[in-house]
1. So, in nm, how far is label LEU158 from label SER5 when the simple model puts each one 7 Å beyond its Cα toward the Cβ?
2. Length gain on complete extension for the stretch VAL42 to SER183, per 0.36 nm per residue less the alpha carbon to alpha carbon distance?
3. Could you give the distance between the Cα centres of the range 84-102 and the range 1-38, to the whole Å?
4. Would you mind checking the tilt of helix 11-47 against the longest principal axis of the Cα atoms of the chain, expressed as 0 to 90 degrees and rounded to 10?
5. Would you mind telling me which residue in PHE186, PHE75, PHE206 has the biggest mean-square fluctuation in a Gaussian network model of the chain, where springs connect alpha carbons within a distance under 10 angstrom?
6. Report the rotationally averaged projected area of the range 12-225 based on its alpha-carbon convex hull, in square nanometres.
7. Could you check which residue among ALA29, ALA97, ALA124 shows the biggest mean-square fluctuation in a GNM of the chain with a 10 Å Cα cutoff?
8. With θ set to phi - 60°, apply the Karplus curve 6.51 cos²θ - 1.76 cosθ + 1.60 along the range 87-92 and write out the HN-Hα couplings as whole Hz, x wherever there is a Gly or Pro.
Amino acid sequence: MISYSFDFSFLLTTWPAFMRGAWQTILLAGTSIALGFVVALVCAIIRSGKSKLASGLVGAYVEVIRNTPLLVQIFIVYFGLPSLGLRLSAETAAVIALVINTGAYGSEIIRAGIESIAKGQIEAAECLGLNKLQIYWHIVLIPAVERVYPALSSQFVLLMLSSSITSQISAQELTAEANLIQSETFRSFEVYLIVAAVYLALSVLFRVVLWAIGEVAFVRRRKLRT
């Protein structure tokens, strides 16, 4: 019979490191989500546009990113760019890699939303005398993002969880701090149970924040619900 005695006494001295790691994870993921959404939006607009060259280039970027591991992308940014003379800190490299990754996945989600807009709505807007910019913004883009926002939110939460991989390049986020604590305390089971609980709490936090952003950004959804 296997016996194991749990011991969480190390938390008395290491909890600041866990909190520091959680905060760094929030900053890393939050920055990557904000910038990644901008990249995804721009790429989705380009792919839905009439320029075959620009659409093809964005399509190639999306396929390359979606068909290669995130860890490899992180290594290319962190270890590859210095070979070209561009040295980056671990945190900066992590943000760049995560932005590139989420931009590719997010662009396909937003593009699906754009393509779901019925042409009849655009024709109706033209009959009302709206110009092309007004039509694209109010009739196409905002409703498209609103439709796919739940999928985008899930992708962003997944990005936060995936940020743990950046510990491989010594980005000082939650998993990296946990690895250091584990190497000092030799309480692997307890340390990673705590990490799992913190990531679960962060997932809930991110979902609540993203839900609140959606409530503020998409007034029509709130009005229809009431």
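1. Each label point is offset 7 Å from its Cα along the Cβ direction, giving 4.4 nm.
2. 46.4 nm is the gain from fully extending VAL42 to SER183.
3. 21
4. Result, in degrees: 20.
5. PHE186
6. 14.9
7. Of the options given, ALA124 has the highest mean-square fluctuation.
8. Once θ is set to phi - 60°, the couplings for the range 87-92 become 9, 10, 5, 4, 5, 5 Hz.
Computed from the coordinates by the stated procedures, all read-outs in this text should not be read as laboratory data. Computed from a prediction, not measured in an experiment: that's the story for all the values here. A quick note on method: Cβ atoms are made from the backbone with ideal geometry, for glycine too, and the neighbour counts reach across all protein chains shown.
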